[in-house]
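The values are calculated or read from the model by the stated rules, or taken from the named source; none is laboratory data. The shown structure was predicted, so the numbers you read here are calculated from the model rather than taken from an experiment. Cβ coordinates were reconstructed from backbone atoms using ideal geometry, including for glycine residues, and neighbour counts include every protein chain displayed.
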Amino acid sequence: MHGSGAEISREIFWNIVGPGFPTEQVLLYVLVAAAFLLFFHGLARSGFFTRMKAITSAKGSDVERVNNAWDRFWYMAVDVFGHRKILREPYQGVFHLFIFWGFVALVITTAIVFFQADVIWPIWHVWFMEGNFYLGLSLFADVFGLVAIVGILMAMARRYFIKPKWLDEKGEDKLILWFILAILVTGFVVEALRIQATETDPSSPMNPYIWFSPVGRTVAFLFSGMSVEALRDTHVVLWWTHVLGALGFIVFIAYSKLLHIVMTPVNIFLRPDTPQPPIRVMPPEMFENAETFGIHNLEEYSWKDLFDTEACMRCGRCVEVCPAFNTDKPLMPRDVIQDIRTYMENKAKFALDANGTYHIIPDEEYTGPALIGDSIEKDTIWACTTCMACVEACPAYILQFPKLIDLRRYMVMMESDFPAEVMDVFKGMENNSNPWSIGAHTRADWAKGLDVPLLSEKGEAEYLFYVGCAGAFDDLNKKVAVSLVKIFKAAGLDFAILGTEEGCCGDSAKKIGNEYVYQALAMANIETFKAYNVSKIITMCPHGYTVLKHDYKELGGSFQVFHYTEILDKLIKQGKITLKQPIENLGAITYHDSCYLGRYNKIYDEPRDILKALNSGSLVEMKSKRAKSFCCGAGGGRMWMEEDLGTRINQKRTQEAEASGAKTICTACPFCYTMLSDGIKELELSEKLQAFDIAQLVAKAAGLDEKTNKAGGENEQEAAN
Amino acid sequence: MNTVVCVKQVPDTETLIKVQGAGIATEGIKWVMNPYDEFAVEEALQQKEKMKAGAVSIVSLGPARAIEAIRTGLAMGADTAVHINDAAYYDKADPYATAAALAAAVKGLQYDAIFLGKQAIDDDAAQVPAMLAEMLGIPVVTMVIKFEVAADKSKATVTREIEGGQAVVEVPLPAVFSAQKGLNEPRYASLPGIMKAKKKPVDVKTAADLGVSEGPKTVVKEMTLPPARQAGKVIAGDDAAAKAKELARILHEEVKIV
């Protein structure tokens, strides 16, 4: 009916719009308009605008969200169209890519058809959908339609047969897949009926090009026995079914997780561009004049924290990688986000007045469920190791664990509500500046007899070696500190330590939620660093590395901070350390990525390069490695808490190491070293597995370890005990 | 219920102690509230919370630095405090002089019960609770691990730790109670508690203000640290039998225990 006369093309409303007034075409316009209206109606009915009121009422501080808009836009475009983060998981990534590109291609095709039939032709009488362009478009739509079907079938296979235990199961989850499949299949059947009726006849000008619709052509074989009338009758019914399905899909977006099609790209645009997942800044002056600390009311979150819950479509990648979930603890990062969303809807019932205005209700008047305890269980809040696996995995750039730290802050600083065993940790940090509560005057005892330069005696040094509490007080990790100073001295590094002037870095206090104690510790260190004009710092512990490098900036302490693996890697590559003695009995070595070194600071290669340079034993990888590494269980202050729910995280990781075929686990973090050493003992694997810190092996290979060269690594101090 | 809690500021248990004269060098010491006094503060607060009435007053004898221990108690939730800030008196004070100063300060306060730690972990004298009770002319119950008070505040039923067991004691109020570990779990001061503590009233007095003139009855003449721990010894020998023989010789001849 287009009347263009083009032969290599097709009639757009074939069999739908007859001669004369195009009633059906007008009806279609009405239906499309209705679908869009129903979409917005659906948003209202599903509580979207109510949630937006809560989101815009949120008062919490946040980081920059719209700076460098152009960069943000490109980042978003690459992420959305290139699936940068989604493809991190190959199976889910590929089927989403298939569905996504099928969807995009079919939307593009539909838009072109719309412009041709409803804009260009009626106004200018130009028909561009012909010839090679038409054939190309036809092929394009057919191929991507098929790709989308393959994607949907893969998704169905996962939901019905693979059934990962972290996958959410709501009613809409299966419905969505069948819905999309039905739209795609009816689309191909409608096409096939048209092809059977109009192109299979050899006299048709389109007949030589019939395979430019490969799927439609193939399906058409099913209808080869049907009469033209039957084809036309079936076509009309299915065409309207397909159209109503597609329009229904638009409406359904408003009611379901499909809204992520809109919200997730927006959230990617708004992602934090800080080097670390931002934990809400508490300016020091706040402790003088604020009345409440941390978060226990929904509206104390930032608008972006709450907006995150809109972008979450429950994919569960954060659950899949969560060490707490994987050891049967009551924490699923996705559910934390979803619980906040549900809480937002529930709280709106109290917060909205008759005019639909959102009011923040004072604590004493509020009678609804509490955010802490009712919406999010306390055990959930304490289960998190802040390993960052959730944030790393989330394709929507949602910040899951920082929301829990806000809740911990309220519990700790306002309510003194924390696991009982943490009391001694806080007191130790307050009184002796270390979580072990060992006398602060013994902080430098590990260095006795090693002739380690003290900054107070030396005056200045290129590098401050910030040992940290583990290296200074924990017997296992003192050996690592000893190895490091031997290496530094042998390499001629100009360094010094602070000795008893050093204080706890405060990371555990911060992540447990005691920002007050953290800042007191941090400020004491910053003052000491500044008094000695320190500019470059080497840390032994990735936790100290992270707070010194990033978080101290908030308190006015800007230093160049290195983890020791960065320094050792450089010294080895520069030839300043010669690894002349291959170490015996290491067997295959596997490297356990510390969360705070890896995910937090992207240091993955340096430790591996050092291990390769040892020329002792081959390097094998565990199932979870690099950005997907599995936590040892000690982060987020969990080092200091009993692990009495579920199974033990350190044991799971140790088992992964055993499964890798390694005989030696190497760490570059004192917490990981402790946790994995304990894992080996607890699982009685000492015959098959041993743990070392990388620094110990470097010292051995460099021949600097005469005192600790014995197989068991016993040093004199232990003998003295 | 109104309560008074007497607290002492002592060196942190992990701090390095150096003997100086007949006392210790105070330089570089990290000072904390006596841990047993924390149980006393906690119990007073719990009683106040349970009865939903009354006030908790902290009383402490010590030099200017003792205000930190007082503020710790106030941060935990105590309402007011008396600081007998008198370094000269404190330096010479023995348990008797301490009890005399505390008694004088307590006399000006309203109380149904007085709580103290069972002993201070620095001088370990454990005399003050009993002496204080005697000077105030009221009963004392020591080593308390459970405390319950009658609704009319006329008497308390308390559980004491005794050798190998427990005893339940009934005592009329007011009375003095000394807290033993196990009585409760002392709370961690909340941040608003710490902030509020800075503004709570502390009545600063000297011994002379309180009219206390009695001096100490005892004088410390000398203080010594325990001998430093000897390094361990690895017993050498060709085989297990030789090592065992050498071990037996050392235990017999050097250590003289077999």
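Between B:THR142, B:THR157, the distinction of being assigned by TED's automatic domain parsing to the domain that holds B:SER60 and either under 30 Å from A:LYS427 (Cα atoms) or in contact with a Gly (Cβ under 7 Å, 6 or more places away or on another chain) (or both) belongs to B:THR142 only. Which ones in region B:1-58 are touching a helix residue (DSSP H, G or I) at 6+ places or on another chain (Cβ under 9 Å), surrounded by fewer than 17 Cβ atoms within 10 Å (Cβ to Cβ) and closer than 18 Å to B:ALA81 by Cα? B:ALA55, the sole residue that qualifies.
Every condition in (1) in the same structural domain as B:ILE84 (by TED's automatic domain parsing); (2) loosely packed, with under 14 Cβ neighbours inside 10 Å holds for B:VAL219 except the one numbered (1). For region A:414-426, the tally of residues that are assigned to a helix (DSSP H, G or I) and facing chain B (nearest Cβ under 8 Å) stands at 3.
Among the numbered conditions (1) under 26 Å from A:MET263 (Cβ atoms); (2) surrounded by 19 or more Cβ atoms within 10 Å (Cβ to Cβ); (3) not aliphatic (A, V, I, L, M), the only one that A:PHE350 does not meet is (2).
Selection of region A:13-62 for residues being in a helix (DSSP H, G or I), over 34 Å from the mean Cα position of the chain (by Cα) and either of a type in the set (S, T, N, Q) or over 19 Å from A:LEU247 (Cβ atoms) (or both) yields A:THR23, A:GLN25.
Condition check: in a loop (DSSP other than H, G, I, E, B), over 24 Å from the mean Cα position of the chain (by Cα) and more than 14 Å from chain B (Cβ to nearest Cβ). Does A:PRO277 satisfy that? Working first, answer last.
On the way: in a loop (DSSP other than H, G, I, E, B): yes; over 24 Å from the mean Cα position of the chain (by Cα): no; more than 14 Å from chain B (Cβ to nearest Cβ): yes.
Judged against the criteria, A:PRO277 is not a match.
Residues in region A:646-659 that are surrounded by 20 or more Cβ atoms within 10 Å (Cβ to Cβ) and hydroxyl-bearing (Ser, Thr, Tyr): 1 in all. Per this entry, A:ASP353 is not counted among residues that are farther than 30 Å from A:ASP474 by Cα, at pLDDT below 95 and either touching a strand residue (DSSP E or B) at 6+ places or on another chain (Cβ under 7 Å) or within 14 Å of another protein chain (Cβ to nearest Cβ) (or both).
Does A:ILE438 satisfy the condition of being within 11 Å of another protein chain (Cβ to nearest Cβ) and either farther than 22 Å from A:TYR673 by Cβ or of a type outside the set (S, T, N, Q) (or both)? So that I can check it myself, show each step before the final result.
Details: within 11 Å of another protein chain (Cβ to nearest Cβ): yes; either farther than 22 Å from A:TYR673 by Cβ or of a type outside the set (S, T, N, Q) (or both): yes.
Here the answer is yes, as A:ILE438 does meet what is asked.
Would you check if there is a residue in region A:201-209 being assigned to a helix (DSSP H, G or I) and surrounded by fewer than 16 Cβ atoms within 10 Å (Cβ to Cβ)? Looking through region A:201-209, at least one residue is assigned to a helix (DSSP H, G or I) and surrounded by fewer than 16 Cβ atoms within 10 Å (Cβ to Cβ).
Could you grab me the full set of residues in region A:441-458 that are part of a helix (DSSP H, G or I) and within 13 Å of chain B (Cβ to nearest Cβ)? Listed by number, the residues that qualify are A:HIS441, A:THR442, A:ASP445. If you go through region A:577-620 and keep only what is surrounded by fewer than 16 Cβ atoms within 10 Å (Cβ to Cβ), assigned to a loop (DSSP other than H, G, I, E, B) and either in the same structural domain as A:THR385 (by TED's automatic domain parsing) or touching a helix residue (DSSP H, G or I) at 6+ places or on another chain (Cβ under 9 Å) (or both), you end up with A:THR578, A:LYS580, A:PRO582, A:LYS602, A:ASN615. Screening B:GLN46 with (1) assigned to a helix (DSSP H, G or I); (2) more than 28 Å from B:ASP209 (Cβ to Cβ); (3) at pLDDT below 95; (4) not aromatic (Phe, Trp, Tyr) gives one miss only, at (3).
Can you pull out every residue in region B:188-198 that is over 16 Å from A:TYR410 (Cβ atoms) and either within 12 Å of another protein chain (Cβ to nearest Cβ) or in a strand (DSSP E or B) (or both)?
Of the residues in region B:188-198, the ones over 16 Å from A:TYR410 (Cβ atoms) are B:196-198.
Answer for region B:188-198, where residues must be over 16 Å from A:TYR410 (Cβ atoms) and either within 12 Å of another protein chain (Cβ to nearest Cβ) or in a strand (DSSP E or B) (or both): B:LYS196, B:LYS198.
On inspection, B:THR13 qualifies as in the same structural domain as B:TYR111 (by TED's automatic domain parsing), among the β-branched types (Val, Ile, Thr) and over 19 Å from B:LEU109 (Cα atoms). Within the span defined as region A:363-375, every residue fails to be in contact (Cβ under 8 Å) with a residue 40 or more places away in the chain, on the phi > 0 side of the Ramachandran plot and in a loop (DSSP other than H, G, I, E, B). Would you be able to say whether some residue in region A:536-555 is of a type outside the set (Val, Ile, Thr), surrounded by fewer than 24 Cβ atoms within 10 Å (Cβ to Cβ) and assigned to a loop (DSSP other than H, G, I, E, B)? Yes: one or more hits. For region B:85-126, a residue qualifies if it is more than 22 Å from B:THR206 (Cα to Cα) and surrounded by fewer than 21 Cβ atoms within 10 Å (Cβ to Cβ), and the qualifying residues are B:ASP112, B:ILE121, B:ASP122, B:ASP123, B:ASP124, B:ALA125, B:ALA126.
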